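Since the structure comes first, as structure tokens, the remarks are kept for the end.
The values are calculated or read from the model by the stated rules, or taken from the named source; none is laboratory data. Since this is a predicted model, take the numbers as computed values, not measurements. No Cβ is skipped: glycine too gets one built from the backbone with ideal geometry, and neighbour counts run over all protein chains shown. Keep in mind that these areas ignore ligands, DNA and RNA; they rest on the heavy atoms of the full protein, side chains included. Shrake-Rupley method; radii C 1.70, N 1.55, O 1.52, S 1.80 Å.
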Amino acid sequence: MKRRRRILLWLALAGVLVIIVALVVIARPALHLWRVSSADRDALPPIPAGHADDASRQNQTEIHEIIAVAEDRAEAEAQLAHLLHKAASEGLRVSIAGSKHTMGGHTIYPGGIVIDMTTFDDFELDASTKFLHVQAGATWDEIIAYLDQHDRSVAIMQSNNSFTVGGSISANCHGWPPNHPPIASTVRSFRLMGADGSIKTCSRDENAELFALALGGYGLFGIILDVELDVVPNERYRIERTTLAADSMPQAFRASVLERDDAALAYCRLRVTEERFLEDAVLNVFRSDPDGPIPELADASMASVKRSVFRGSAGSDYGKRLRWNAELAVSDRLAEQAVSRNSLLNDPVQLYQDRSDTTVDILHEYFVPPVNFAAFLTAMREIIPRHSGDLLNVTVRHVIEDPDTFLRYADQEMFALVLLFSQQRTDAGDVQMQAMTRELIDAALQHDGRYYLPYRLHATVAQFERAYPQGREFFELKRKYDPQELFQNTFYLKYGSSVTDPAMDE
Ligand SMILES: Cc1cc2nc3c(=O)[nH]c(=O)nc-3n(C[C@H](O)[C@H](O)[C@H](O)COP(=O)(O)OP(=O)(O)OC[C@H]3O[C@@H](n4cnc5c(N)ncnc54)[C@H](O)[C@@H]3O)c2cc1C
């Protein structure tokens, strides 16, 4: 009897212990995620009337006015030509805006007119030749939904769907397709309205100089009206995930991706926890899997959980560990799962975007040749903690030499390291970020690398000129095509204008 009671007592104790352990294991992450989601806002704070800003939420600037482009093509062309004549005669500058996801005032000029392209957004697939004729203000989310109905997909785009075609080709974006140059390689032609209001068709054969300048030209050569864009078949992929040492990523990428015919999309994510900072990696490869139906186009699954896990990593090493471990835990479940190309490309920026008043997410991107990848990573491991950079995410993509654009970042095969930081929305936060960015740019330059231009204008003019040796000629050609410097933005003011403001380089 006594023995039975003792066993029951032990069993009860063990039960309580299991419950306590389960509570500790579940309660901490649950509490963390609950805190994050209850502090989250539904929308970004509004921008005051008469002002413009961009995705940095650090560039609020008073402007003359924002003009939405007419939806009808003929009306839009007449409206824009009239607007340019009027701006020139009144001495106003003109900047061009798509989704405004650049972060350095690339869509803004103080006191200037902002042309909002997003209302100019029709598109149609050419049934015989299978290219997309698209107006520049259309965004990838609309395009993907349409192409999906026609079994096609976007050939090269960013890893999110929130950007306009005009903004994407003006930054010359790139994404997850390995062994490809940036998006310019998929542009057959576009029509460009110059400063005098005339329209030119630009392609590799017609107005070829303007073609190379306006692709990756940040709106400085005119208004891109519409584009003929190559598209590719939508496909069914299966996901393969491998964990590895970050330093060995180039070799693993070569073997699993570049030397295989079936690797359609690929990227690598690096570990950002304090322990083993940038030492581990997960390589994600999406392999063509033609034996089976293509899954239907889907929105991001479990969006609110994904958002809370991601947002909870800002300012919290615990949150960063939670995210890393959660991603490793779902890897097995995802392995071998079938997914469509279109669904993979269909995540909006809003899924993870910081909407708080006090902090903002800031992107950086560095391109380094594969042989220098590990050395650049060593430099990052030293520079970022020394500046207390709150690094939320690093993905690595692959891009090959860009034969098309004038101001090019991919002048050879590169690995692109995309870094997302959280920073305070204060002058002090920006000063701290600037100091770190300049060191990271120096490190990239020392390793024969480049940095990407659509983000904050923290690079000095000297750094810009080292990274983009063709920069001076690029800006001289801008003035050849636009002698009155009608098309301007703060990127041009800092690096290219004939009247630069030295204060911007401090
Ligand atoms: C969260 C986030 C994720 C990103 N991911 C990636 C990525 O995976 N890969 C990548 O390469 N980049 C990435 N970017 C950068 C992005 O590709 C560029 O910022 C791109 O320019 C955004 O497109 P947009 O429509 O917002 O352009 P905007 O910021 O509106 O404009 C960009 C530039 O293009 C000019 N422009 C816009 N429309 C026209 C037009 N019709 N005619 C002439 N000039 C025009 C503008 O004047 C401006 O200089 C990312 C940015 C963010 C914020």
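Computed quantities for the displayed model
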| item | result |
| --- | --- |
| Residue satisfying condition, being among the small types (G, A, S) and either assigned by TED's automatic domain parsing to the domain that holds N372 or within 24 Å of V418 (Cα to Cα) (or both), within set S168, S203, S198 | S168 |
| Matching strands (runs of 3 or more DSSP E) fully within region 89-135 where at least 2 residues are closer than 27 Å to L147 by Cα and either away from the ligand (no atom under 14 Å from the Cβ) or free of Cβ contacts under 8 Å to residues at least 12 places away in the same chain (or both) | 123-125, 131-135 |
| Residue in region 277-295 that is free of Cβ contacts under 8 Å to residues at least 24 places away in the same chain, of a type in the set (G, A, S) and either over 30 Å from F190 (Cα atoms) or within 16 Å of the ligand (Cβ to nearest atom) (or both) present | no |
| Single residue of A264, A245, A255 found to be open to solvent by less than 40 Å² (accessible area, probe 1.4 Å), over 26 Å from H82 (Cα atoms) and small (G, A, S) | A264 |
| Any hit, region 389-397, residues being part of a loop (DSSP other than H, G, I, E, B), of a type outside the set (F, W, Y) and in contact with a Leu (Cβ under 7 Å, 6 or more places away or on another chain) | no |
| Residue check, D40 touching a residue at least 40 places away in the same chain (Cβ under 8 Å) and more than 16 Å from the ligand (Cβ to nearest atom) | yes |
| Selection count where residues are more than 16 Å from the ligand (Cβ to nearest atom) and in a loop (DSSP other than H, G, I, E, B), scope region 454-491 | 5 |
| Any chance L328 is surrounded by fewer than 22 Cβ atoms within 10 Å (Cβ to Cβ) and within 16 Å of the ligand (Cβ to nearest atom) | no |
| Top-ranked residue of region 350-375 - restricted to ones that are assigned to a helix (DSSP H, G or I) and open to solvent by less than 30 Å² (accessible area, probe 1.4 Å), ranked as nearest to the ligand (Cβ to nearest atom) | L351 |
| Residue within region 244-263 that is small (G, A, S), within 16 Å of the ligand (Cβ to nearest atom) and closer than 24 Å to P181 by Cα present | no |
| Long-range neighbours under 6 Å by Cβ, at least six apart or interchain, first residue more than 18 Å from L407 (Cα to Cα) within region 160-176, second within 6 Å of the ligand (Cβ to nearest atom) and of a type in the set (V, I, T) | N160/V349; S162/V349 |
| Matching residues, region 280-319, being of a type in the set (S, T, N, Q) and open to solvent by 30 Å² or more (accessible area, probe 1.4 Å) | S288, S301, S304 |
